[in-house]
Amino acid sequence: MYLVTVLGNLLIILAIGTDHHLHTPMYFFLANLSFIDTCFSCTIVPKLLVNIQTQHHTISHTGCLVQMYFFIALALIDDFLLAVMAYDRYVAICLPLHYTTIICPQRCVLLVTTSWLCSHILAFSLTLLMSQFSFCASHSIPHFFCDLLPLLKLTCSDTHAFQIMMFAEAALSGVVPLTCVLVSYAHIIHTILRVPSAGGKHKVFSTCGSHLSVVTLFYGTLSLVYYQPASSY
């Protein structure tokens, strides 16, 4: 599964990079998403495979913090990029005559750069706070990688300030992009319903159907894992 994930994403990047017909904003965002997903898999799975192969289930304190940092940062970039791609589809379908003006190359780079910058700032702030905690209880992490909630359960330091920051960042990085996605698709659906022919509706929807599937999978799995009582995590 790891090889399929990495090779699949690298093939997408290669296809987009080598075919000049795909040098458009939509595929520029897709190439970035594939690159992020490749890094995402490489943050967790190689260490997991080593642990399984060697039966040596350990990770250093620094290694754990580094893994947590990249996990948070890459998850947030995924989140922001999906919102950017929803906005791109909104402009393409609802404002087609203004598309080349609004989604110009400079703005594409700005949107992606902003997504990267914000994600790394948010991830760094949480990781910095976590690095100051003491772990005086069990050092056995009940998970297959260094995630926030399992690590919080092991610390004996006061986590009140950390939890406030974590929930604030979750609200900022979760609610804002999801709202952007929902508003964009509300406008897209409204535009699709105004298309007279069934063939025309299918053609318009086909340009954003795959993105909508990825958004559903992304937010669906996030809600299943994280939006539940801490006792059942």
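What does the helix-only formula give at 222 nm for the chain: each DSSP H stretch with n ≥ 4 adding -39500 (n - 2.57), the total divided by the residues, and the result rounded to the nearest 500 deg cm²/dmol?
-25500 deg cm²/dmol
Anyone know which of Leu33, Leu97, Leu126 comes out most mobile in the 10 Å Cα GNM of the chain?
Leu97
Probe 1.4 Å, all protein chains in place: accessible area of Thr18 in Å², nearest 10?
110
Sorted by accessible area (1.4 Å probe), largest first, how do Ile188, Ile164 line up?
Result, largest first: Ile164, Ile188.
With a cut-off of 8 Å between alpha carbons and a minimum separation of six or more residues, what is the relative contact order of the chain in percent?
In percent, rounded to a whole number, it is 22.
Give the calculated FRET efficiency between Ser210 and Val66 to the nearest 0.05, with a Förster radius of 41 Å applied to their Cβ-Cβ distance.
With R0 = 41 Å, the Cβ-Cβ based efficiency is 0.80.
With every protein chain in place, what's the accessible area of Leu7 (1.4 Å probe, Å², nearest 10)?
Using a 1.4 Å probe on the heavy atoms, I get roughly 100 Å².
Just the number please: accessible area per residue for the chain, 1.4 Å probe, all protein chains included, in Å².
So the chain comes to 58 Å² accessible per residue, rounded to a whole number.
How much length, in nm to one decimal, is gained on full extension between Thr58 and Thr155, taken as 0.36 nm per residue of separation minus their Cα-Cα distance?
So the extension gain works out to 33.2 nm.
Could you go through the range 178-189 in sequence order and give the Karplus-derived ³J(HN,Hα) for each residue, using 6.51 cos²θ - 1.76 cosθ + 1.60 with θ = phi - 60°, rounded to whole Hz, and x for Gly and Pro?
Once θ is set to phi - 60°, the couplings for the range 178-189 become 5, 4, 4, 5, 5, 5, 4, 6, 5, 5, 5, 4 Hz.
Can you give the accessible area of His61, probe radius 1.4 Å, in Å² rounded to 10?
100
Percent of accessible area on the range 25-101 owned by carbon and sulfur, 1.4 Å probe?
70
Working out 0.36 nm times the residue gap between Phe144 and Val6, then minus their Cα-Cα distance, what length gain in nm do you get to one decimal?
47.7 nm
Residue farthest toward the positive end of the dipole of the range 63-190, with Cβ of Lys/Arg at +1 and Asp/Glu at -1: which of Thr100, Leu152, Leu178?
My answer, from the dipole projection, is Thr100.
Among Ser197, Ser125, what's the order by accessible area (1.4 angstrom probe), most exposed first?
Ser197, Ser125
Rounded to the nearest 0.05, what FRET efficiency is calculated for Leu129 and Ala198 with R0 set to 45 Å and r the Cβ-Cβ distance?
0.25
Counting only protein heavy atoms, what percent of the accessible surface of the range 110-214 is carbon or sulfur at a 1.4 Å probe?
Result for the range 110-214: 73 percent of the exposed heavy-atom area is carbon or sulfur.
Which one, Phe80, Phe144, Phe71, has the greatest fluctuation when you compute a Gaussian network model over the chain with C-alpha springs under 10 angstrom?
The residue with the greatest mean-square fluctuation here is Phe144.
Taking a cut-off of 24 Å between Cα atoms, list the lysines near Lys47, but don't count ones fewer than 8 places away on the same chain.
Leaving aside lysines fewer than 8 places away in the same chain, those within reach of Lys47 are Lys153.
Would you mind calculating the gained length between Asp19 and Ile164 on full extension (0.36 nm times residue separation, minus the Cα-Cα distance), in nm to one decimal?
Answer, rounded to one decimal: 47.6 nm.
In whole Å, what is the distance between the alpha-carbon centres of the range 173-210 and the range 63-141?
If we compute the Cα centre of each part, the gap is 23 Å.
The values are calculated or read from the model by the stated rules, or taken from the named source; none is laboratory data. Quick caveat: nothing in here was measured; it's all calculated off a predicted structure. Counting neighbours? That spans all protein chains shown, and the Cβs are built from the backbone with ideal geometry, glycine included. Remember, those area values only see protein heavy atoms, side chains included, never the ligands or the DNA or RNA. Shrake-Rupley method; radii C 1.70, N 1.55, O 1.52, S 1.80 Å.
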